[in-house]
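Read through the structure below, which is laid out as structure tokens, and then see the notes.
The values are calculated or read from the model by the stated rules, or taken from the named source; none is laboratory data. Note that this is a predicted model, so its numbers are computed, not measured. Note that each Cβ is placed from the backbone with ideal geometry, even for glycine, and that neighbours are counted across all protein chains shown.
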Amino acid sequence: MGGGLPLELRKSNEYYKKDSLPLNSARYAILLALLIERVNVIYIPYYLCNTVNDVLVQNNIKVKYYHLNSSFEPILSSVDCNNIKEKKAFLLIVNYFGIFSKKKIRNLVKRYKNIILDNTQAFFFKPLPECYNVYSCRKFFGVSDGAYLIKRNIDQSWKLEQSYSSDDASFLLKILEHGTNYCYDEYLSYEQKICNQGIRKMSKLSEKIMQSIDYNSIKQIRKKNFYYMHTRLGKYNRLADAIKKTNASMVYPFLIQDEQLREYLIKNSVFVSQWWKKCLYENINEFERQLSLYLLPLPIDQGNNIEDMKFICDLIEQYLLSLK
């Protein structure tokens, strides 16, 4: 007792608690699901972050691939579905931008049984108890590490090392004082550290922050920002039909065949990354190639309001008008 005082964080309930394993990173949640089931083969989409593939391969998991159609649904003609049904392999389904309905996922689970549902882009999509569900905290909230692996009656007996993130979490405080881009390199450096960390429990710092979040408010802000974007940009967006319904997505996915718009937005203080360029060097189909080249993941997070969304949409429309 006595001494210094910690950060004052409101203690509420974590969004995911029941049948949940709080871990350090979503890629390790996928790996742990396979270790729990003692399965060493997994089918994943070509269009996916290469860190997932790297972690699995490093841990002696055989990775096989499948393609996506233009609705982001898996094309499983090349997949040995019997292996999945017999639990000789697992199928990773990515819920891109939270656009899948529960009915669609349940039909896949009913048909193939052994599925890991990757909700890293859809934190608020409620878990299905009959399959493994993976969530990323860092994609939605200001934490230095954090993920959840959820399934009905999940094995809680795994003895995992504790993750400690306080030495590397100073970028969270710098963002408060200097803005999101001030310490981006520091953020990337910590991201690389997590890549090499192995499976660990979520850090206590992240756990405390996750217990203090006003989830409903954040969900509503993201939904509001998303639908404002869609109202303004849907007529230009080649994904408009696929993303009509979402559940508080990570970003607004804007697909337009233009090679200069990304740089134009960055020059005007809107940071828009290019996801998963490595896909361009693999055996991808035309839809996946278009995503890798042209998809703009526009920010809609709770740090932005409708005026910010208006600023981004105005920039894009001004740019498109200048091309005519």
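Okay, residues lined up against (1) in contact with a Lys or Arg (Cβ under 9 Å, 6 or more places away or on another chain); (2) farther than 22 Å from GLN220 by Cβ; (3) not in a loop (DSSP other than H, G, I, E, B):
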site	(1), (2), (3)
ILE266	no, yes, yes
SER269	no, yes, no
SER273	yes, yes, no
GLN290	yes, yes, yes
LEU293	yes, yes, yes
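Step by step: first the residues of segment 122-177, then only those that are among the hydroxyl-bearing types (Ser, Thr, Tyr) and assigned to a loop (DSSP other than H, G, I, E, B), then the one that is surrounded by the fewest Cβ atoms within 10 Å (Cβ to Cβ). Which residue is that?
SER157
Is it the case, given these coordinates, that LYS224 is in a loop (DSSP other than H, G, I, E, B), in contact (Cβ under 8 Å) with a residue 60 or more places away in the chain, charged (D, E, K, R) and closer than 20 Å to PHE123 by Cβ?
Considered against the rule, which asks whether it is in a loop (DSSP other than H, G, I, E, B), in contact (Cβ under 8 Å) with a residue 60 or more places away in the chain, charged (D, E, K, R) and closer than 20 Å to PHE123 by Cβ, LYS224 comes out as no.
What residue, among those in segment 92-120 that are of a type in the set (Ser, Thr, Tyr) and crowded, with 23+ Cβ neighbours inside 10 Å, is farthest from the chain's Cα centre (by Cα)?
TYR96
Can you give me the number of residues within segment 39-63 that are charged (D, E, K, R) and either touching a residue at least 40 places away in the same chain (Cβ under 8 Å) or surrounded by 15 or more Cβ atoms within 10 Å (Cβ to Cβ) (or both)?
1
Before we move on, is ILE36 part of a helix (DSSP H, G or I), farther than 30 Å from LYS277 by Cβ and either touching a residue at least 40 places away in the same chain (Cβ under 8 Å) or small (Gly, Ala, Ser) (or both)?
For ILE36, the condition - part of a helix (DSSP H, G or I), farther than 30 Å from LYS277 by Cβ and either touching a residue at least 40 places away in the same chain (Cβ under 8 Å) or small (Gly, Ala, Ser) (or both) - is met.
Suppose we keep only residues that are crowded, with 18+ Cβ neighbours inside 10 Å and of a type in the set (Val, Ile, Thr) within segment 271-309. Which one would you say is nearest to TYR184 (Cα to Cα)?
Only one residue fits best here, namely VAL272.
Kindly provide the set of residues from segment 236-253 that are in a loop (DSSP other than H, G, I, E, B) and either touching a helix residue (DSSP H, G or I) at 6+ places or on another chain (Cβ under 7 Å) or crowded, with 17+ Cβ neighbours inside 10 Å (or both), ordered by number.
TYR236, ASN237, ARG238, LEU239, ALA242, ILE243, THR246, ASN247, ALA248, SER249, MET250
Filter segment 312-324 for residues that are of a type outside the set (A, V, I, L, M) and loosely packed, with under 15 Cβ neighbours inside 10 Å and give the result.
Matches in segment 312-324: ASP314, GLU317, GLN318, SER322, LYS324.
Table: residues versus (1) without any contact (Cβ under 8 Å) to a residue 24 or more places away in the chain; (2) out of contact with any Ser or Thr (no Cβ under 6 Å at 6 or more places or on another chain); (3) among the β-branched types (Val, Ile, Thr).
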| residue | (1), (2), (3) |
| --- | --- |
| TYR252 | no, yes, no |
| ILE256 | no, yes, yes |
| GLU259 | no, yes, no |
| ILE266 | yes, yes, yes |
| PHE271 | no, yes, no |
| GLN274 | yes, yes, no |
| ASN285 | no, yes, no |
| GLU288 | no, yes, no |
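From the list SER78, SER71, exactly one residue is outside any strand (DSSP E or B) and either under 23 Å from LEU239 (Cα atoms) or not assigned by TED's automatic domain parsing to the domain that holds VAL41 (or both). Which is it?
After applying the criteria, what remains is SER71.
Of the residues in segment 2-33, how many are at negative phi and either in a loop (DSSP other than H, G, I, E, B) or touching a His at 6+ places or on another chain (Cβ under 8 Å) (or both)?
Adding up the residues that qualify gives 17.
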